[in-house]
1. Being of a type in the set (G, A, S), at pLDDT 85 or above and open to solvent by less than 70 Å² (accessible area, probe 1.4 Å), is that true of even one residue in region A:60-70?
2. Taking the conditions exactly as written (at pLDDT 85 or above, of a type in the set (A, V, I, L, M, F, W, C) and open to solvent by 40 Å² or more (accessible area, probe 1.4 Å)), does B:M139 satisfy them or not?
3. Picking from B:R303, B:R252, which residue would you name as being touching a residue at least 12 places away in the same chain (Cβ under 8 Å), farther than 21 Å from A:I453 by Cα and open to solvent by 60 Å² or more (accessible area, probe 1.4 Å)?
4. When the residues of region A:306-337 are narrowed to those that are open to solvent by 50 Å² or more (accessible area, probe 1.4 Å) and of a type in the set (G, A, S), which ends up nearest to A:Y371 (Cα to Cα)?
5. What number of residues within region A:469-494 satisfy the criterion of being buried (at least 19 other Cβ atoms within 10 Å of the Cβ), within 29 Å of the chain's Cα centre (by Cα) and either aliphatic (A, V, I, L, M) or outside the structural domain of A:S551 (by TED's automatic domain parsing) (or both)?
6. Just one of A:I185, A:I189, A:I169, A:I215 is modelled with pLDDT of 85 or more, in contact with a helix residue (DSSP H, G or I) (Cβ under 8 Å, 6 or more places away or on another chain) and of a type in the set (V, I, T); which is it?
7. Restricting to region B:148-159, count the residues that are touching a residue at least 40 places away in the same chain (Cβ under 8 Å) and surrounded by fewer than 17 Cβ atoms within 10 Å (Cβ to Cβ).
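The values are calculated or read from the model by the stated rules, or taken from the named source; none is laboratory data. Treat the numbers as computed from the prediction; the structure is a model and nothing was measured. As a convention, Cβ positions derive from the backbone with ideal geometry for all residues, glycine included, and neighbour counts pool all protein chains shown. For accessibility, only protein heavy atoms count, side chains too; no ligands or nucleic acids. Shrake-Rupley method; radii C 1.70, N 1.55, O 1.52, S 1.80 Å.
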Amino acid sequence: MREYDKKHENIDPKEFEFVQRDEKIYDKRFETKPIGYFKDAMIRFSKNKTNVVATIILAILILFSILVPIVTSKNYSKLEDQLQFLPPRVPLLEKIGIYDGTVYYDEQLVDLETYDPETGIGYPMGFNPKFIVEGTLETYQETCNTKEEFCVGGVNILALLNEDTSGTIQSKETYSFVVANNPEITIDIDSFSGENVKLEVLLSTDTTFDTIATITEAGKETLNIYDLIEDDVDFTSRVRYVLSATSEGASVTLNSIEYSNVSDVESILHTGYSLNDSYRITSGAVSYERFDGLYTRANFTYDAYGAAFYERREKAFSSLKFDELVSQYPDVCQLPADPSDLVGWEFSEGCPVKRVLAQSDKMTGPDGRDYYSYDLVLNYQVYRDYDEIPHFLFGTDQYGRDYFALVWLGLRTSLFVGLIVAFINISIGIVYGAIEGYYGGRVDLLMERFAEIIGRIPFLVWLSLFVILLGPGLLTIIVLMTVTGWLGVAGVTRTQFYRYKGREYVLASRTLGAKDFRIIFRHILPNGIGTIITQSVLMIPGVIFLESTVSYLGYGIGHGQSFKILGFIELSGVSIGVLLSDGRTQIIDRPHLIFFPAIIISILMITFNMFGNALRDAFNPSLRGSE
Amino acid sequence: MLRYIIVRLIWICIVLITFLSLLFVSIRIVPEFPPTNEDQKEIYYARQEKDGYYYSELITDPGEVQKIARGERNDDWYYREMSEGYRVYKPVPIIKQYTVWIKNVVTEFDWGLSTRVKVNEPVFDLMKEKLPHTIKLNMLALIIFIPVGFILGIIAALRKNKLTDNIISLGVMIFISIPAFVVMLLLVMFLGYQLNLLPPQYPSSDITGSIQLKALVLPVLALSFFPIATLTRLTRAELTEVLTSEFLLLARTKGLTRRQAVIRHAMRNSMVPLVPVIIFSFVRLVGGSIIIERIYSIPGMGRLYLDALTLNSFDYNLILALSGFYTSISLFAILIVDLSYGIVDPRIRMGARK
């Protein structure tokens, strides 16, 4: 204001001129255009830049939610378990190493067969070494005391507990001892602890277990069975080891037990895990635990996309499908000279089938044709007709569906439900509020009391009522959100009616003989429509908010549901709430499944609210900043 | 005033009874979910008979017994095998069940037994057991959100249209928009799992020490964001309005400093519309904590409610009792709001005639 004043101080009188000294202007048209109610609101709306930006973002979100599911070339409806849980891969970002489709795995168990003790490198189990990103594989060993196969080596300690003086372990398997084989048991004991500790070895040649040897000193001891028992007969028996001592807490540390020439096998060696797993405690208060084993683990970065699209084994691939598939690629899929025997055949590069591992027996069907299937390895990328490995921007979900499309699909569902509910609420609210406000008096009082009762019941109680009566589903959501949702609109409409119903033009209309219906909908309602519109727009984010909450809890839209509306709009059973609820189970390893839908819905809600507020400010400048 | 309170209390009773009756009748129309275990079922139906919801007949006629043994049974009835035949439990008509239920609840405060969540345990005992967790959580959130909301609102109002105000307003917009469960999920994800700063799940009660305190941080944060945002926005709006009013100008012209004027005159006047917001926020908090309790596995009332509302395994008695609990909280909160108007602003006399 002040600047304006300064600019217009001391203007030279010569600069003034008469605009219309010689013209008559009273019957001239205005050169400026008239500014109506909506245009005025529009001008006010566009003045606030933040809100305009918010509105544009909102429009983009809505556009995406409509277009992405239609335009996308990626699969978002069918299950494709090969592509399960792929990480996000974004075209430009992948060059700088963010969202490049690799996953960092830590503490994965190493396949001990591939482990090379010299270099200290081994490949993790269940992963294709080809797709471990070069230079990221680190293998390390850590001690473990767990009863697991991959916890290798170490000792087993048999210890007495609770003042007990003896305890027994017994082999789970029964071994057969044959005189001619000259069976031996070699026990390697690391150490004893305690007073008068001894380990007895027991076998049963007939029905009872007899002690055949007693060991009191650490070291390797080889027991020749038939030197130790009296009868030279063949027998089968489990093997028992009894630890006894005169002091509490005595123990024996076992390195290994080896059975030679037993059960027709040259040698059975029990160490580490097998030493623990092959025996169970049969009597006495003892513990039999593993100590000082070693886990070999690896940390590495894995190219999940490469691995997923590399190959896929199909154990029962029908021969009909196989023939059809091969005939589609006649140039690259060269069959061997004898096409009837394909087992072991390697196809050349570019063919959807890589190699055939086995072939099932032929069955002749009723039509005389042979039916059989192959066990083969497919080149997944060619098989699925991907020219290049695709970019799943948000990764894929547990069913291998494109998460990017799913998020927008979910958003579309949420928005659509929001619109339906808003429409119903507005319709009920306007009619209810109009009747209340227009008739007033006792009608108003009664209807207000009714609205009050409904409005005072907590949302959760309504939820329980409708879940019990209707079960989960779209209908429940809609009913749940309309049952209290219209109250706001009704309230606003009622106030608007109280404001306008006493005006002169209403009286004039009534004098002219207009019916109540006409006065309500033609004369009063259009005056209050701005306020009602803004109230309604502000309601939509609230509805989406509730919808996602209810769906998250599992009472709303769920998997496997789809709805046709007006015959052509199909809504799938995916909404943001459902995605979040599914993502909850993967929150530790795959946080992006929570992150993306959460961010998208947050942006939607923020921009929607900003848009609604901007709209309210535009229609009702007097309310600006309130609420 | 007393008369007004009495009228309001009667009104509360009417709403409560009407709605609970509606719920009760709906529950009796849909299929029942008695305990699944046969022994527990026996106890349950015996108790139902004693309470007056069922009556039983002993069937000893061989022909009838044969029929029942073959499986010709009525789905609504419960057949208990006895040495001499079958004891059949049949429900009494709904209207009679309803009167019995009202009698049980009003005279003995007996809400029945739980059927699925903790079989054959009185539901009210179950609720008593879970209540402390919920109260602890909500009270903490209340203690945090009121001062924080106020202070942020006051700062925003005093620095209106400055950078501080804009930042606060943006924050308010964000936290008012994002659903509490999304906030909770993001918090658990980042602070719980990714950064390992706080426990990602509520520890069981036998783990003691600082972890119990740490475990309250995330749920209380997630719960208080929304009320803080609402309170900040409203405080800001109210205070800006009061700050431009004439009596404040008068106060300043009398010679009060800005600080004195704001604290003595502006604050109290801007309080009037805030009291209801605080109380309603609390009601919302209690309801909103349900989903937070679910995400964070807190053994509170909300978890209990959702457990009772497990699909195809509804625990009706528990649902009824919990609905009664939540509805009365909301109704009493509204009463307190209305009464508090008069205390904060003596010009308002509730229930006064014109």
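1. yes
2. Yes, satisfied.
3. Being touching a residue at least 12 places away in the same chain (Cβ under 8 Å), farther than 21 Å from A:I453 by Cα and open to solvent by 60 Å² or more (accessible area, probe 1.4 Å) holds for just one of B:R303, B:R252, which is B:R303.
4. Looking at the filtered set, the residue picked out is A:A316.
5. Counting residues in region A:469-494 that are buried (at least 19 other Cβ atoms within 10 Å of the Cβ), within 29 Å of the chain's Cα centre (by Cα) and either aliphatic (A, V, I, L, M) or outside the structural domain of A:S551 (by TED's automatic domain parsing) (or both) gives 5.
6. The unique qualifying residue is A:I185.
7. Step one: list which residues in region B:148-159 are touching a residue at least 40 places away in the same chain (Cβ under 8 Å), which gives B:148-150, B:152-154, B:156-158.
Within this subset, residues satisfying the condition of being surrounded by fewer than 17 Cβ atoms within 10 Å (Cβ to Cβ) are B:148.
Of the residues in that region, 1 qualify.
Residues checked against (1) β-branched (V, I, T); (2) within 30 Å of A:V197 (Cβ to Cβ):
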| position | (1), (2) |
| --- | --- |
| A:F127 | no, no |
| A:K130 | no, no |
| A:V152 | yes, yes |
| A:P183 | no, yes |
